[in-house]
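A.B. asks: The structure that follows is given in the form of structure tokens.
The values are calculated or read from the model by the stated rules, or taken from the named source; none is laboratory data. Just so you know, these numbers come straight off a predicted model, no measurement behind them. In this analysis, Cβ positions are derived from the backbone assuming ideal geometry, glycine residues included, and neighbour counts consider all displayed protein chains.
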Amino acid sequence: MSSSKILVKRDGMNLKGSHRGVETIISAMIQIVIVVAAFSLAYGAYFSWASTQRRGLLMQMQERMVVEAVWFRSSTMASIYVSNVGESDVNIDEVKVNGVSCTINPTSLSIVPTQGGWLHVTYTGGFVSGTTYTFTVITERETSLETLANR
């Protein structure tokens with residue numbers, strides 16, 4: 001017998017042409033790349049979501065308003081003067097009287113910092129003399145301000 005025809009075996013494997021060690025290393029490297037990529041995507045998505053949440057919350061915290069006056073114009077209409085004393089623009093889009101949403105004119109009032117504006121509120125329940133009413137001014141960021149007024 002010639003020596004070229006005898007295959008040398010070690011632990012049941014042919015030494016000639018065996019690539020099992022290389023395959024293990026390559027598969028481990030591929031798994032590491034996949035895990036790193038997945039965590040990078042997850043971290044990026046979380047960071048984007050968190051910064052969006054913080055930005056909205058920060059803007060809401062910078063919204064500050066003061067109701068300076070409430071004038072009862074008639075039995076169904078009142079005018080409210082709101083000042084923006086915060087650091088960001090305020091967009092008022094809803095007013096409630098005693099918890100009931102009312103029609104407002106203008107339908108949305110934007111007030112820049114250090115400025116103010118009038119809202120005209122129509123309350124279908126009617127304002128009765130000698131009664132105290134709770135006016136709730138609500139912005140588009142859901143910041144709310146309550147004030148009491150007696151007619």
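A.B. asks: Suppose we filter V90, V70 for residues that are modelled with pLDDT under 95, assigned by TED's automatic domain parsing to the domain that holds G126 and hydrophobic (A, V, I, L, M, F, W, C); which single one remains?
C.D. replies: Only one candidate qualifies: V90.
A.B. asks: Residues that are without any contact (Cβ under 8 Å) to a residue 24 or more places away in the chain and surrounded by fewer than 18 Cβ atoms within 10 Å (Cβ to Cβ), at least 2 per element: which strands (runs of 3 or more DSSP E) completely within the stretch 72-150 meet that?
C.D. replies: Strands (runs of 3 or more DSSP E) meeting the threshold: 103-105, 144-150.
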